[in-house]
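Below: the structure, in structure tokens.
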Amino acid sequence: RLIASRISSAGRVHYSFPPRLEDVKADIEFFFDPSMSLSLYEHLVDDKMKGAKSLYLNDSGPNGCLEPDKGTAKEKFTMTSEGLLTCILPHCPNLEELHYITRKKLDTQRFFEALQASSNLGSSLKLLRISGEIDPPFLAALGRSGLDSLERLDISDCMSSQYVEYGADGGSESTDDDGDEDDDEEVTTAGGNKKDTQRAKDKAAPFKTRGGRYPYEEPLRTALAGLPHLKQLDLGFGANDLQALFWNYCVSRKAVRGVVKRHQTLNLTMSQTVPLPHEFPGGKQEECAAFRAAVNTLRYDEDEEVKTMARSISGTFKSSPNNW
């Protein structure tokens, strides 16, 4: 209920999975079908694209391409979603949001060639949301993409564990973003009361003991260095099992703490809710009000356990009027 309130209040483009009634559609919405004729592209170009602020392209089907229509001027294009994006973007000079959804691994070269097809994208695009698998070179390429106006990058759950370099030479420990060794952070081991340091915990990652590296660390630094106006970075991996995958095979805790230290104005999220809706326009006060309203509604839920918990929580509202 709180997520639904957040989507409605923000009024910004949002596509939940599974879909919600509160979702807000983009100005241009296209579901890629690899079985369609390439000539269908002609029907996508219209005056609406010139003024479009947001584009949603969903390529959740099989990763395939079509033979181009014979005898047309577009024979040079292969029918992939990246190719279609290459065709569409030049006709969207005012685009501020691009939501690119796929189940496949993104082709770094094709994707960034598509972005370069639009001469205005670097100065107009403020939000880029990607769903699919990205490799380390893709992340690094974002920092060289020329998206100077980008304010939010959503790559939730896009990193993969398959790029770990097992037994790589020179598997030195990670350093903070500023190059300094990170301070030890105490954690409790699973075995009991014994204390250990975070450094030892990082060393315990399967590939670290074999001399490998965290594959996305340097690309992450490269990306952030090349996106000067970035305000929010959504990494996803909020669920416990996904967090283990992220910390052990993608990026170390040390590197993330270094990123936070260097980019102090950056809002870095690791949420279980993917994609994460925009913030309440009214800030914390509006969020608190929405939370209270959701809890009060659940006080009359059909589920007795939910009802009991909601009434217990609502009982704290009067004693803590300035909090939840």
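Scanning the stretch 275-291 for residues that are at pLDDT 75 or above and open to solvent by 50 Å² or more (accessible area, probe 1.4 Å) yields E279, P281, K284, Q285, A289. Scanning the stretch 260-283 turns up one or more residues that are among the β-branched types (V, I, T), assigned to a helix (DSSP H, G or I), more than 20 Å from G132 (Cα to Cα) and touching a strand residue (DSSP E or B) at 6+ places or on another chain (Cβ under 7 Å).
Output the strands (runs of 3 or more DSSP E) that fall wholly within the stretch 93-177 and possess 1 or more residues being open to solvent by less than 20 Å² (accessible area, probe 1.4 Å) and either at pLDDT below 95 or over 28 Å from A239 (Cβ atoms) (or both), or say none.
Once the strands (runs of 3 or more DSSP E) in the stretch 93-177 are filtered for at least 1 residues that are open to solvent by less than 20 Å² (accessible area, probe 1.4 Å) and either at pLDDT below 95 or over 28 Å from A239 (Cβ atoms) (or both), what remains is 97-105, 127-133.
Within the stretch 208-241, the residues that satisfy the criterion of being crowded, with 18+ Cβ neighbours inside 10 Å, of a type in the set (A, V, I, L, M) and part of a helix (DSSP H, G or I) are L220, A223, L224. Could we say that K254 is crowded, with 18+ Cβ neighbours inside 10 Å and not in a loop (DSSP other than H, G, I, E, B) here? The answer is yes for K254. You will find that of Q264, Q272, the residue that is modelled with pLDDT under 95, surrounded by fewer than 16 Cβ atoms within 10 Å (Cβ to Cβ) and out of contact with any Leu (no Cβ under 9 Å at 6 or more places or on another chain) is Q264 and no other.
Annotation: of all residues in the stretch 5-36 being at pLDDT 85 or above and among the small types (G, A, S), the one that is nearest to K48 (Cα to Cα) is A26. The requirement of being charged (D, E, K, R) and touching a strand residue (DSSP E or B) at 6+ places or on another chain (Cβ under 9 Å) is satisfied by K231.
The values are calculated or read from the model by the stated rules, or taken from the named source; none is laboratory data. Computed from a predicted model, the values in this text were never measured in an experiment. Cβ sites come from the backbone with ideal geometry, for glycine too, and all protein chains shown count toward neighbours. Ligands, DNA and RNA are stripped out before the accessible areas are found, and what is left, the full protein with its side chains, is counted by its heavy atoms. Shrake-Rupley method; radii C 1.70, N 1.55, O 1.52, S 1.80 Å.
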